[in-house]
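K.L.:
My questions all concern the structure below.
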Amino acid sequence: MSIPKTQYFEAQPAVASRPRTVRLRIGEMDLTLQTDRGVFGSKGVDLGTRVLLREAPPPPQEGDVLDLGCGYGPIAIVLAKLAPGARLWAVDVNERALELSRANAETAGASNVTVGTPDKVPDEIRFEAIYSNPPVRVGKAPLHSLLLEWLPRLKPAGAAYLVVQRNLGSDSLARWLAEEGFAVSRLKSKKGYRVLEVKAGS
Ligand SMILES: C[S@@+](CC[C@H](N)C(=O)[O-])C[C@H]1O[C@@H](n2cnc3c(N)ncnc32)[C@H](O)[C@@H]1O
């Protein structure tokens, strides 16, 4: 019997839906999030995501903030609750993930989250900050072009916070970003993950 293969970054996951809920506790926040098969972290909020939410600096209190590759929305929703005056853009290519993000933002009362495919973000928007558990598994070249598409949309004083597993190439990603002219620092190293801070180079 062949087992259907699916990847969390497909637009339409091939696997049948099997909804479930997962819990995310961050500081005072205690969220119940809907998830499903065919989306990243469907069995529980990813450890890297939790490291990012605990270790990255708090979001700016106003302006536009991007969650690049939002999945079912844990990053965007926590940031939106921490910064009710900011506008969170939660983008993904996986339609099932986007529907879950919308539902989760509504349940959490995070009305400052706009969920959609990447093309739904108006071209003129520049971000105060970007937070991402990026889709490393898409492969190096697609990941690099994704980052080169979004990082230049930071405001001059803005910063991106990326969480990447050490075993999945966080250090080579940091080196590549530096070669591309970004100012990169390793903000935290925890539980096998690095949180990278990426700013425009001088
Ligand atoms: C590692 S997962 C993180 C998901 C979620 N932020 C979390 O922390 O659970 C990366 C996400 O990036 C999405 N993705 C893949 N390619 C993308 C692209 N070109 N643009 C935006 N998102 C993409 C995937 O579908 C996936 O949901």
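Read-outs throughout are calculated quantities, based only on the coordinates presented, and are distinct from any laboratory measurement. Because the structure is predicted, anything quoted here is derived from the model rather than measured. Note that we place each Cβ from the backbone using ideal geometry, even for glycine, and neighbour counts take in every protein chain shown.
K.L.:
Given the conditions (1) over 28 Å from LEU187 (Cα atoms); (2) away from the ligand (no atom under 14 Å from the Cβ); (3) touching a helix residue (DSSP H, G or I) at 6+ places or on another chain (Cβ under 8 Å), and given that ASN112 satisfies all but one, which numbered condition is not satisfied?
P.N.:
In the conditions (1) over 28 Å from LEU187 (Cα atoms); (2) away from the ligand (no atom under 14 Å from the Cβ); (3) touching a helix residue (DSSP H, G or I) at 6+ places or on another chain (Cβ under 8 Å), ASN112 misses (1) alone.
Every residue, every condition in (1) touching a residue at least 24 places away in the same chain (Cβ under 8 Å); (2) part of a strand (DSSP E or B); (3) of a type outside the set (Ser, Thr, Tyr), yes or no:
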| site | (1), (2), (3) |
| --- | --- |
| LEU100 | yes, no, yes |
| ASP119 | no, no, yes |
| ASP123 | no, no, yes |
| TRP150 | yes, no, yes |
| PRO156 | yes, yes, yes |
| ASN167 | yes, no, yes |
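K.L.:
Could you tell me which residue of the stretch 52-67 is farthest from THR114 (Cα to Cα), considering only residues that are away from the ligand (no atom under 15 Å from the Cβ) and surrounded by fewer than 21 Cβ atoms within 10 Å (Cβ to Cβ)? It would help to see each step written out before you state the result.
P.N.:
Of all residues in the stretch 52-67, those away from the ligand (no atom under 15 Å from the Cβ) come to 57-58, 60-64.
Within this subset, residues satisfying the condition of being surrounded by fewer than 21 Cβ atoms within 10 Å (Cβ to Cβ) are 57-58, 60-63.
Numbers: PRO57: 21, PRO58: 19, PRO60: 16, GLN61: 16, GLU62: 15, GLY63: 13 Å.
Of everything passing the filter in the stretch 52-67, PRO57 is farthest from THR114 (Cα to Cα).
K.L.:
Additional query: How about the stretch 170-189: which of its residues are crowded, with 16+ Cβ neighbours inside 10 Å and under 21 Å from ILE75 (Cβ atoms)? Show your work before the answer.
P.N.:
In the first step, residues of the stretch 170-189 are kept if they are crowded, with 16+ Cβ neighbours inside 10 Å; the result is 170, 173-174, 176-177, 182, 184, 187-188.
Result: SER170, LEU173, ALA174, LEU177, PHE182, VAL184, LEU187, LYS188.
K.L.:
Under 9 Å between Cβ atoms, at least 6 apart or on separate chains: pull out the pairs that start in the stretch 49-64 with a residue that is in contact (Cβ under 8 Å) with a residue 40 or more places away in the chain and closer than 15 Å to PHE127 by Cα and end on any residue that is part of a loop (DSSP other than H, G, I, E, B) and within 16 Å of the ligand (Cβ to nearest atom).
P.N.:
Note: pairs meeting the criteria are ASP64/VAL121; ASP64/ILE125.
K.L.:
With respect to THR49, determine if the residue is out of contact with any Phe, Trp or Tyr (no Cβ under 8 Å at 6 or more places or on another chain), near the ligand (Cβ under 9 Å from one of its atoms), at negative phi and hydroxyl-bearing (Ser, Thr, Tyr).
P.N.:
On the way: out of contact with any Phe, Trp or Tyr (no Cβ under 8 Å at 6 or more places or on another chain): yes; near the ligand (Cβ under 9 Å from one of its atoms): yes; at negative phi: yes; hydroxyl-bearing (Ser, Thr, Tyr): yes.
Answer is yes for this residue.
K.L.:
Return yes or no: is ARG25 closer than 25 Å to ARG166 by Cβ, outside any loop (DSSP other than H, G, I, E, B) and away from the ligand (no atom under 11 Å from the Cβ)? Walk me through it before giving the result.
P.N.:
Numbers: closer than 25 Å to ARG166 by Cβ: yes; outside any loop (DSSP other than H, G, I, E, B): yes; away from the ligand (no atom under 11 Å from the Cβ): yes.
Against the criterion (closer than 25 Å to ARG166 by Cβ, outside any loop (DSSP other than H, G, I, E, B) and away from the ligand (no atom under 11 Å from the Cβ)), ARG25 qualifies.
K.L.:
Something else now. So ALA76 fits all but one of (1) assigned to a strand (DSSP E or B); (2) crowded, with 24+ Cβ neighbours inside 10 Å; (3) not charged (D, E, K, R); what number is the exception?
P.N.:
Condition not satisfied by ALA76: (1).
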